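These notes concern the structure reproduced below.
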Amino acid sequence: QVQLVESGGGLVQAGGSLRLSCAASGIIFSSYAMGWYRQAPGKQREWVATIRSGGNTNYADSVKGRFAISRDNAKNAVYLEMNSLKPEDTAVYYCNAVSGSSTFFPWGQGTQVTVSS
């Protein structure tokens, strides 16, 4: 049974930083590209960043230069370091295995990030 468990969210002031973690189980983690997504209130879920199994990364324009995705295959974990946070980054953040624009597994519960101005 696949499980994706996100953690690390919280309330932070604009300009602050947070580090999100996602623990995956039930999958051969190292063989998947992993992505972070977010969903703000009243909006559709949107892609944030992807890290491939070999370590290559891609970012949405809205977070480029501020966020960094990384992974630890030994721990079956993917991380999102978020710096220079803005109120518009407020959302529930999710991780998933990805292929192009598709995701593989049911979504976890996500972790709430709230950035105050």
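The table below lists the values:
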read-out	value
Every residue from segment 28-38 that is surrounded by 17 or more Cβ atoms within 10 Å (Cβ to Cβ) and part of a loop (DSSP other than H, G, I, E, B)	32
Qualifying positions in segment 66-90 - touching a residue at least 12 places away in the same chain (Cβ under 8 Å) and either polar (S, T, N, Q) or open to solvent by 60 Å² or more (accessible area, probe 1.4 Å) (or both)	70, 73, 75, 76, 81, 83, 84, 86, 88, 90
Where a residue in segment 37-62 is over 19 Å from residue 20 (Cα atoms) and its partner, wherever it lies, is among the acidic types (Asp, Glu), with Cβ under 7 Å and at least six apart	none
Subset tally (residues that are in a strand (DSSP E or B) and either within 17 Å of the chain's Cα centre (by Cα) or at positive phi (or both)) for segment 13-27	8
Boolean, residue 17 is open to solvent by 30 Å² or more (accessible area, probe 1.4 Å), out of contact with any Leu (no Cβ under 7 Å at 6 or more places or on another chain) and not aromatic (Phe, Trp, Tyr)	no
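The values are calculated or read from the model by the stated rules, or taken from the named source; none is laboratory data. What you see is a predicted model, and the numbers here were worked out from it, not measured in a lab. Here the Cβ is made from the backbone with ideal geometry for all residues, glycine too, and neighbour counts use every protein chain on show. When the accessible area is computed, the model is the full protein with side chains, heavy atoms only, and any ligands, DNA or RNA have been set aside. Shrake-Rupley method; radii C 1.70, N 1.55, O 1.52, S 1.80 Å.
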